[in-house]
Amino acid sequence: MDATTGTVDGVALVALAAREGTPLYVYSAPAIRGRVRALRDALAGLDAGIRYAVKANGNGAILQLLAAEGAGADIVSGGELQRALRAGIAAADIVFSGVGKTDVEIDAALAAGIGRFNVESRAELDAIQRIAAARGCTAVASVRINPDVDALTHAKISTGKAENKFGVPTDEARAWFDGAAQWPNLRLDGLHMHIGSQLLSLQPVREALQRMAAFWRELEAAGHAIASIDVGGGLGVRYRDGEVAPDAAEYAAAIREALAGFGGRILVEPGRWLVAEAGLLLTRVVLEKQGRARRFLVLDAGMNDLLRPSLYEAWHDIVRVGGDVGRERVAYDVVGPVCETGDTFARQRDMPRCDAGDLVAILGAGAYGASMASTYNSRPLAAEVLVEDGRYALIRKRQDFDAMIADERPANEWKSA
Ligand SMILES: *Cc1c(COP(=O)(O)O)cnc(C)c1O
């Protein structure tokens, strides 16, 4: 967003809010394209593929945009499988991660012919074997290794420590490779890791990559061919002034160094890094309220629209659309209308004084924003727009009340189970 003009890619936020209402998710197509191209360029020369983590932002238009740039998908549910396929992502370019894949989801993924499962437990191997055998097909799988490194990020988005539910230790993975004959409908020939999200330092990534590389060499020496190493996602972004996120070149250099000599395919699964900074949540000030101890800025967006501050104590820069010239500075607690104290976007935030009706942009909202939204407090899901070149496309219409309650039924038909 250009703060001085209040525009995104030539579209005025004031006009956009007048047309589409608030709260409104606004994504910049050029910004997303810029990121995916930067990553592609950084990985050039490697036999590498991008598998975008759909959970970061699964809007079909965003998926299509990324697919047009050559990205595949990293999915974690049957719903995400359908989203990816519907966006035109080739099944072969889809990898399926997650600790709790159900039989139905595994079957759907095999029916679609996805490229690879990232397997997280022996029970999952057995399930994939059983379902693949019933279908008479062979599933391709990587083992998700838990490298037991501290990703130096928020505990709720740290996934690579021994106490986390994700992946398996190398000892267990070794036993799977040695005993792979017991899963005849499974080709176990890959390694996978994903140590956490919003990583601002590459040091934990380097450490985990080194452990993965050592394990790959050990497996190859033992006669197990490794065709794919998936290094996961997790690349952090700049949510606040002064934060420095790793860039694509540095990240690619770390991968090149650790996996030098690897002859198979390398996969990366970025989510946040591709879309977070390309999006903002546009919201209107409902009112200002002077509490006994705090001054509150009450917005028409709430924790149901953007959960990250409540869930992770996450920081988002918040700017007044129209600027701050000539306005006194105020320390606001920026809150939503939801009936929870946790419905707080920022505490004691230094901002220009805002009036009721002003527009405020919550920045860095392109990832884990709309995709984590709910209708809590019976607040309909926000609309989403994609912006480019002075124009915008409505890529999700604002949910109306009827749509919000469409699946509810009165209890007038009783059945026995
Ligand atoms: C969530 C997730 C990602 C993406 O994480 P980001 O931090 O958004 O890059 C990648 N791989 C797996 C397995 C995930 O669960």
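The values are calculated or read from the model by the stated rules, or taken from the named source; none is laboratory data. All of these numbers come straight from a predicted model, not from anything done at the bench. Neighbour counts are summed over all protein chains in view; Cβ atoms, including those assigned to glycine, are modelled from backbone coordinates with ideal geometry. To get the accessible areas, we keep the full protein, side chains included, count just its heavy atoms, and leave off ligands, DNA and RNA. Shrake-Rupley method; radii C 1.70, N 1.55, O 1.52, S 1.80 Å.
Numbers for the structure displayed
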read-out: Within segment 97-270, percent of DSSP bridges classed antiparallel, to nearest 5; value: 5
read-out: Cα-centre dipole for the chain with unit charges at Cβ (Lys and Arg positive, Asp and Glu negative), debye to 20; value: 380
read-out: Under Karplus coefficients 6.51, -1.76 and 1.60, residue-wise ³J(HN,Hα) of segment 370-379 in Hz, glycine/proline x; value: 4, 5, 9, 6, 9, 9, 3, 6, 6, 9
read-out: Sulfur and carbon atoms: percent of accessible area, the chain [1.4 Å]; value: 50
read-out: Cα convex hull of segment 272-417 - mean projected area over all directions, nm²; value: 12.7
read-out: Listed residues Y332, H316, L363: farthest to the positive end of the dipole of segment 260-399 (Cβ charges); value: Y332
read-out: Computed [θ] at 222 nm, deg cm²/dmol, the chain (DSSP H ≥ 4; -39,500 (n - 2.57); rounded to nearest 500); value: -8000 deg cm²/dmol
read-out: Estimated vicinal HN-Hα couplings, Hz - segment 200-213 in sequence order (Karplus 6.51, -1.76, 1.60; Gly, Pro = x); value: 9, 10, 8, 4, x, 5, 4, 4, 5, 4, 4, 5, 4, 5
read-out: Solvent exposure ordering (accessible area, 1.4 Å, most first) of R144, R33; value: R33, R144
read-out: Pairwise FRET efficiency - A91 versus A3, Cβ, R0 = 41 Å, nearest 0.05; value: 0.45
read-out: Whole-Å semi-axes of the ellipsoid equivalent to the chain (Cα gyration tensor, √5λ, descending); value: 40, 25, 20
read-out: Unsatisfied cross-links (Cα-Cα over 30 Å) in the set K156/K415; K55/K165; K165/K415; K55/K289; K156/K289; value: K156/K415; K165/K415; K55/K289; K156/K289
read-out: Formal net charge of residues neighbouring V338 (Cβ-Cβ distance under 13 Å; K, R +1; D, E -1); value: -3
read-out: Solvent exposure of the chain as accessible area per residue, Å², 1.4 Å probe; value: 43
read-out: Rounded accessible area of R347 (nearest 10 Å², 1.4 Å probe); value: 150
read-out: Mean Cβ count within 10 Å, highest first, over the residues of peptides 353-361, 331-339, 216-224; value: 331-339, 353-361, 216-224
read-out: Over the chain, relative contact order from alpha-carbon pairs under 8 Å, at least 6 apart, %; value: 20
read-out: Test item: Cα-centred dipole of segment 184-241, Lys/Arg +1 and Asp/Glu -1 on Cβ, debye; value: 180
read-out: Principal-axis tilt of helix 248-258 within the chain, Cα atoms, nearest 10 degrees; value: 20
read-out: Residue-count net charge about G236 - beta-carbon cut-off 10 Å; Lys, Arg +1, Asp, Glu -1; value: +1
read-out: Amide H within-cut-off set for G232, under 5 Å, with H built and near neighbours excluded; value: M193, E269
read-out: Among A151, A293, A175: highest mean-square fluctuation, GNM of the chain, C-alpha pairs under 10 Å; value: A293
read-out: Per residue, the convex hull volume that the Cα atoms of segment 97-270 enclose (Å³); value: 116
read-out: Interchain or long-range residues, amide H under 5 Å from V330's placed H; value: M351, R353
read-out: Given charges at Cβ of Lys, Arg, Asp, Glu: segment 133-286 dipole, positive-most of Y239, V275, A141; value: V275
read-out: Whole-number percent relative contact order across segment 120-198, with pairs defined as alpha carbons under 8 Å at least 6 apart; value: 42
read-out: Nearest-10 value in Å² for the accessible area of L307, using the 1.4 Å probe; value: 40
read-out: Only Lys, Arg (+1) and Asp, Glu (-1) charged, at Cβ; segment 97-270 dipole about Cα centre in debye; value: 220
read-out: Segment 97-270, relative contact order in percent, only Cα pairs under 8 angstrom and at least six apart counted; value: 20
read-out: DSSP-defined antiparallel bridges as percent of all bridges, the chain, nearest 5; value: 45
read-out: Surrounding net charge for A71, when Lys and Arg each add one and Asp and Glu each subtract one, Cβ distance under 12 Å; value: +1
read-out: Whole-Hz couplings from phi, Karplus 6.51/-1.76/1.60, listed for segment 154-159; x for Gly and Pro; value: 4, 4, 6, 10, 9, 10
read-out: Amide proton proximity set for A53, modelled H, under 5 Å, gap of 5+; value: D74, G271
read-out: Farthest toward positive dipole pole in the chain [+1 Lys/Arg, -1 Asp/Glu at C-beta], among M372, A222, N118; value: M372
